[in-house]
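Every number in this text was worked out from the coordinates using simple rules, so none of it is lab data. The model shown is predicted, which means the values in this text are computed figures rather than measured ones. Virtual Cβ from ideal backbone geometry, glycine too; neighbours counted across all protein chains shown.
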Amino acid sequence: MKKILFLMFAVLVMQNAHAQEKKSKLETVVIQTSAECGQCKDRIEEGLNYTKGIKFAELDLETKKVTVKFSPKKISLIAVKEKINSIGYDADDLKAKSEIVKTLPLCCQPGGMKKN
């Protein structure tokens, strides 16, 4: 009986260690964006959170920085930044294409909140 309990405990410990090992393989980055307003926040977070390989994305509007947790085995950092660009926003040194930026609402375009 003691052997069975010990084996069950050992299996549980090994499963827990394996689960924590999987979680630690996520990478966290903070990326400077050109976000302007709440619509930008929604657009960026939704676009990133529904991207394969990204586990979590949250934009701080005060700093315009998005924190992204992702699996480097499934998506690269450059692909994360390119995804932000495809939504219409700058991502660190990668600038969004002007034709995409122009499709955003005026308040979401660079300097848009100052135009209102």
Open item on the list: Nothing charged except the Cβ atoms of Lys and Arg (+1) and of Asp and Glu (-1): what's the magnitude of the dipole of segment 26-103 about its Cα centre? Round to the nearest 20 debye.
Closed with: 340 debye
TODO: Obtain the nm distance between the two label points defined at Ser71 and Lys55 by a simple spin-label model: each point lies 7 Å from its Cα along the Cα-to-C-beta direction.
DONE: 0.9 nm
- [ ] Return P(r) of segment 26-103 (all Cα-Cα pairs; 10 Å bins starting at 0; whole %; ordered from short to long distances).
- [x] 21, 59, 19, 1
Open item on the list: At a 10 Å Cβ-Cβ cut-off, how would you order Tyr50, Tyr89, fewest neighbours first?
Closed with: Tyr50, Tyr89
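Provide the gained length on full extension for the span Val29 to Lys97, in nm with one decimal, where the gain is 0.36 nm per separating residue minus the Cα-Cα distance. Each step should come with its number before you reach the end.
Details: separation 68, 0.36 × 68 = 24.48 nm, distance 2.24 nm.
Taking Val29 through Lys97 to full extension adds about 22.2 nm, to one decimal.
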